[in-house]
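Undergrad: Below you'll find the structure I mean.
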Amino acid sequence: MKVAHIFVSFLAFVVILGSGCSRQPSSLFTPQPDSNSDITPKKNYEDLIVGYAQLGAESEWRAANTISIKETAENLGVELRFLDAQQKQDNQIVAIRKFIVQKVDIIGVSPIVETGWEEVFQEAKGAGIPIILVDRRAAVPEDLYVSYLGSDFLEEGRKSARIMADLVNGKANIVELVGTVGSAPANDRYTGFREILQEYPEMKIIDSESGDFTRARGREVMRRFLQKHGDEITAVYAHNDDMALGAIEAIEEYGLKPGVDIKIISVDAARGAFEAMIAGKLNAAVECNPLLGPQFFELALKVVNGQPVPKWVPSIEGVFFPEDASEILPTRKY
Ligand code: AHR
């Protein structure tokens, strides 16, 4: 099978941000196997109680991510206490506090935005309950979480810009559909894209607005862009597939051909993106892998047993194009 332009991240499990790789989880968080391994039996998956504060159900990506967490817990026999915070940080904070009261072994959280976590993470640390950040980072001191499992969002932004530059021969009027304001993927995809654009003076971002990672908002914002700029727009950069699919609908309503009159790139590479590529309406999908369940529980067990874990476990991700989409789609798990 020809998988065009797959950028495999050789960094996975090896290259960790800065010196984080060698960092051990804080001893405050974990039992000390050397000192008490004779008396404290190691836990197995069946012994684990895990609290998980999911941020919501805003996208196809998130749905796949939730299934991966729940199915893996079930397969491994882990007791999972799962909360869907419905896109509200307050709900995630309440859930974390509840998990602390319940004395779970470990907490997983996908922080909806980057800021505002320090107090509740401090409470978890005080209670001796380790936190693993899953999918999204939080802007907190490194001693407040044991590991971050997720993508390199900055690199996803850079990849999107490089592919866009190829597609438009270095010249475009781009509109950008930004993800949830203040979230790590929106912040980094925004920044990474602009970093590369500096090399292309004729590629201009003529408008940029949040579509909150949802299809409905993506459609709504794209309609506004089209009303404002009309066929001056030659390219769309969408921070996720759902917003790109919404934009495709708006472009068709407007009477232009998505993928042809207006080039479109999105991040995630979920099934909807593959279908759009097969239909010729999307020009490339930069992968963001939601299937984090197996790695999450492996990390969780290690942490609870006092084993060292990397500070960042990056996902392995590729880029997909229309010419390979129909061959690859049947192999996709989300
Ligand atoms: O945090 C990952 C992002 O969140 C995905 O790109 C997006 O689809 C989701 O909602």
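Since every read-out is calculated from the coordinates, none of them should be taken as a lab result. Source: prediction; values computed, not measured. Note: ideal-geometry Cβ built from the backbone for every residue, glycine included; neighbour counts use all protein chains shown.
Undergrad: Quick one: angle between helix 241-254 and the longest Cα principal axis of the chain, in degrees between 0 and 90, rounded to 10, please.
TA: For helix 241-254, the angle is close to 20 degrees.
Undergrad: Using alpha carbons only, how many degrees (0 to 90, rounded to 10) separate the axis of helix 60-76 from the longest principal axis of the chain?
TA: 30 degrees
Undergrad: Now a separate question. Past the 30 Å Cα-Cα mark, which pairs from LYS281/LYS311; LYS98/LYS311; LYS88/LYS257? Please report the intermediate quantities before stating the final value.
TA: Working: LYS281/LYS311 39 Å; LYS98/LYS311 25 Å; LYS88/LYS257 36 Å.
Flagged as over cut-off: LYS281/LYS311; LYS88/LYS257.
Undergrad: Given the chain, report the % of alpha carbon pairs whose separation exceeds 27 Å. Don't jump to the answer; show the numbers that get you there.
TA: Details: 25115 of 55611 pairs.
The share of Cα pairs beyond 27 Å in the chain comes to 45 percent.
Undergrad: Kirkwood hydrodynamic radius of the range 153-288 from all distinct Cα pairs, in Å? Before the final figure, lay out the partial values.
TA: Numbers: mean 1/r = 0.0715 Å⁻¹.
The Cα-based Kirkwood calculation yields 14.0 Å.
Undergrad: If I take R0 = 45 Å and measure r between the Cβ atoms of LEU256 and VAL94 in this structure, what FRET efficiency does the formula 1/(1 + (r/R0)^6) give, to the nearest 0.05? Mind dumping the intermediate values first?
TA: Working: r = 45 Å, r/R0 = 1.00.
E(calc), rounded to 0.05, equals 0.50.
Undergrad: Turning to a different aspect of this structure: Please identify, among PRO294, PRO185, PRO310, the residue showing maximal mean-square fluctuation in a Gaussian network model of the chain using a 10 angstrom Cα cutoff.
TA: PRO294
Undergrad: Okay, moving on. Taking the chain as a Gaussian network, where each spring joins two C-alpha atoms under 10 Å apart, which residue of TYR145, TYR237, TYR45 fluctuates the most?
TA: Of the options given, TYR45 has the highest mean-square fluctuation.
Undergrad: For the pairs LYS204/LYS333; LYS159/LYS333; LYS103/LYS302, note any where the Cα-Cα span goes beyond 24 Å.
TA: Checking Cα-Cα distances, LYS204/LYS333 exceed 24 Å.
Undergrad: What percent of all Cα-Cα pairs in the range 178-243 falls into each 5 Å bin, going from 0 up to the bin containing the maximum distance?
TA: Pairs per bin, as whole percents: 4, 17, 26, 24, 20, 9, 1.
Undergrad: In degrees between 0 and 90, to the nearest 10, how far off the longest principal axis of the chain does helix 215-229 point, with axes built from Cα atoms?
TA: Helix 215-229 sits at roughly 40 degrees to that axis.
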